[in-house]
Amino acid sequence: MKTLLLIGSGSFVGGVLRYLLSQLIQIKTDSSFPVGTLGVNIVGCFLIGLIVGYIDKENLGVEWRFLLVTGLLGGFTTFSAFSMESINLLREGQIGFALSYIALSIILGLSATFFAFSIFGNK
């Protein structure tokens, strides 16, 4: 139960921060390009590297990983988890798995979204 509360609390804060930062960036750029989401994804990728690196270096408990990585950054952007998992595969020398994971995530993710929209006749 403690683990779920840590993840849920972090997710709540991360989701709110994602919305606020994305809106702020988008409004400031006044562009139809989704620069707000792009900005959040890049910030999230930087933060996951920073936080995981710090947690590993300081040998902090798993509770910190649940709160900050799974919760906060999971609520902020799951793109950061995708990035970290890809980097971990590359660092472990599993280049084939890394490239497959990256390609499948993009291709299947976009295909699933397109298919779901097509169910309702959206183009």
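Here are some notes:
- ILE51, sole failed condition from (1) crowded, with 18+ Cβ neighbours inside 10 Å; (2) more than 17 Å from the chain's Cα centre (by Cα); (3) without any contact (Cβ under 8 Å) to a residue 24 or more places away in the chain: (2)
- Where a residue in the stretch 98-121 is touching a residue at least 24 places away in the same chain (Cβ under 8 Å) and its partner, wherever it lies, is part of a helix (DSSP H, G or I) and basic (Lys, Arg), with Cβ under 7 Å and at least six apart: none
- So GLY75, is it in contact with a Phe, Trp or Tyr (Cβ under 7 Å, 6 or more places away or on another chain), touching a residue at least 60 places away in the same chain (Cβ under 8 Å) and within 22 Å of SER11 (Cβ to Cβ): yes
Every residue, every condition in (1) more than 14 Å from the chain's Cα centre (by Cα); (2) among the small types (Gly, Ala, Ser); (3) buried (at least 18 other Cβ atoms within 10 Å of the Cβ); (4) at pLDDT 95 or above, yes or no:
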residue: GLY10; (1), (2), (3), (4): no, yes, yes, yes
residue: GLY14; (1), (2), (3), (4): no, yes, yes, yes
residue: TYR19; (1), (2), (3), (4): no, no, no, yes
residue: ASP30; (1), (2), (3), (4): yes, no, no, no
residue: PHE33; (1), (2), (3), (4): yes, no, no, no
residue: THR37; (1), (2), (3), (4): no, no, no, no
residue: ASN41; (1), (2), (3), (4): no, no, yes, no
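The values are calculated or read from the model by the stated rules, or taken from the named source; none is laboratory data. Computed from a predicted structure; not experimentally measured. Note that each Cβ is placed from the backbone with ideal geometry, even for glycine, and that neighbours are counted across all protein chains shown.
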